[in-house]
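The values are calculated or read from the model by the stated rules, or taken from the named source; none is laboratory data. Keep in mind that this is a model prediction, so the values were computed, not measured. Each accessible area value is taken on the protein alone, full model and side chains, heavy atoms only, with ligands, DNA and RNA left out. Shrake-Rupley method; radii C 1.70, N 1.55, O 1.52, S 1.80 Å.
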Amino acid sequence: DAAELGFAAGDRVRARSPAGELEFIAALSEDLPRGVAFSPKGRWPKLEAGHANVNALNPGTASDMGASTTVHGVEITLTRYP
């Protein structure tokens, strides 16, 4: 679905959620299901250029089991970044 959205490998993209936004360089893979974007956690935020890692997209919503965090899936919107 990346092609349908106008994304190509190497494009700069912005991921947004209600909690925040981050910029990434797109890499495409047939290994991910349709509609899924993947990013590893990465380094400590203070070591990143924007002083944030992928955790900036997580709103910190508590789960329904033990009030644990819901860090394994966050709904985002991807757009091309000029």
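Structure summary
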read-out	value
Heavy atoms of L47: accessible area, 1.4 Å probe, square angstrom to 10	100
Computed Rg/Rh of the chain, alpha carbon atoms with Kirkwood Rh	0.98
The chain: most fluctuating residue of P59, P18, P40 per GNM, C-alpha cutoff 10 Å	P40
Stretch gain in nm, segment T69-L28, where the contour uses 0.36 nm per residue and the Cα spacing is subtracted	12.0 nm
